[in-house]
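What follows is a short report on a single structure.
Please treat every number below as a calculation from the coordinates, not as lab data. For clarity, every value in this text was computed on a predicted model and none was experimentally measured. When we count neighbours, we look across all protein chains shown, and the Cβ atoms used for this are built from the backbone with ideal geometry, even at glycine.
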Amino acid sequence: MNIIKVRSPFFVTVNETGQIGSKVELFIYNKGTAEPATPTKTLSKPIASATQLANDYNISNYIQEYILPIKPTLVTVPTVEDNNNWAICKVKRYKLVGSTYTLLDTIEYVCLDAFTTYLDGKQNAIDTGTTNPALTLSNANIVSSYFSNPYLNLVCQKNTAYNLTAKYYTKSGTLIETVTILALGSGTEYFNYKIPFRSTLSADDYQKLVLSYQNSFYEKVTNKLPEYKYTPVTCNFVNRLGGWEFLTFFKQQTNSISVKSTDYKVMPSAVNYNTSIGQTQRFNINGTQSVKLNTGFVDENYSELITDLLLSETLLLDNKPVILKTQGSDLKTSLKDKMINYEIEFEYAYNLLNDVI
């Protein structure tokens, strides 16, 4: 399985001896719809010169149009995510010699709403191989604290030799349960799964989830925290890996409202006017609501969660769409900041007065 992250450029290169040009055909679609019979997009160009044969095509922008994550599916059992969270792109490369295009190869990619960083350099497709054809879309290095509905995402492909299983362990290492997520099968069928944690099965509210095909390839640990003074707020967002991530804000929250309007000076209806009607009227009144949230004391490795949150294009608070008012944050360390708390401000991404037409 070949995976690319379409929020960063991904180049398809054609560099063949004797070519005078090239073209690339893209067949882009979502699972659940038929693969297009004709190319969704065809890109072509001549070579720059007789000594500069390479043609590079950035295909990410064309694929992004087919990816529209809206909200995660909150689950208590393993569930297949919405197909619009990701896309499939089959790429055909051709070289042009004389007046004839010759097909070089055909590669199929699983495309995620994810990105690479500048320090990662040029993006190369992630080849998950055939032994463990799966990629987890949650950060395993962060021991997440949660209140309800914890989960992790992964994208995977059927395997002819192994089942995909989830094993749940307590803090002491006792195996609680083994669940088959995907039974073995042939072909190239892809799946985007959301795997829940079994919070009700762990007596100490601490749990480790191990996903495996042939051997352990992913482990994730969570802590369930009880909370009584403040109502916890869960933020779901698409992280750098292209999967739904959750971040629970446990501590103080401040709600506010902002109203905009247009003021006009109006003429009275008669010379003998009604003094209960003022000379100034407000029109086009509407408002938005914002909320300032605090994580509570968290581990130092939450800095990566906060970074992904600030860079995410899709965010929800308790399943309501929001945008970030906070445009930056110090990435805190226990050495400097001792007890680490992050305060983030969100604005709900809709007007309080319904003006949809």
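Quickly rank 16-26, 173-183, 51-61, 236-246 as a protection proxy: mean count of other C-beta atoms within 10 Å, highest first.
Per-residue Cβ counts within 10 Å, averaged per peptide and sorted highest first, yield 236-246, 16-26, 51-61, 173-183.
Using Cα positions and a limit of under 27 Å, work out the lysines in reach of K167, with same-chain residues fewer than 8 apart set aside.
K71, K158, K194, K208, K220, K224
Within straight cross-link reach of K292, meaning Cα distance under 13 Å, which aspartates and glutamates are found once same-chain residues fewer than 8 apart are removed?
E343, E345, E347
Output wanted: per-residue J couplings in Hz (rounded whole) for region 14-21, from phi through Karplus 6.51 cos²θ - 1.76 cosθ + 1.60, θ = phi - 60°, x for Gly and Pro.
10, 9, 10, 4, x, 6, 10, x
Measure off 7 Å from each Cα along the Cα-to-Cβ vector at L175 and Y230, then give the distance between these two points in nanometres to one decimal.
4.1 nm
Rounded if a/c is under 1.5, else prolate if a/b beats b/c, else oblate: with a ≥ b ≥ c from the C-alpha gyration tensor eigenvalues square-rooted, which is region 231-357?
Here region 231-357 falls in the prolate category.
Which peptide among 75-83, 109-117 comes first, and what is the full order, when sorted by highest mean count of other Cβ atoms within 10 Å?
With the highest mean Cβ count within 10 Å placed first, the list reads 109-117, 75-83.
Angle between the Cα long axis of helix 302-311 and the longest principal axis of the chain, 0 to 90 degrees, nearest 10?
Compared with the principal axis, the helix lies near 90 degrees.
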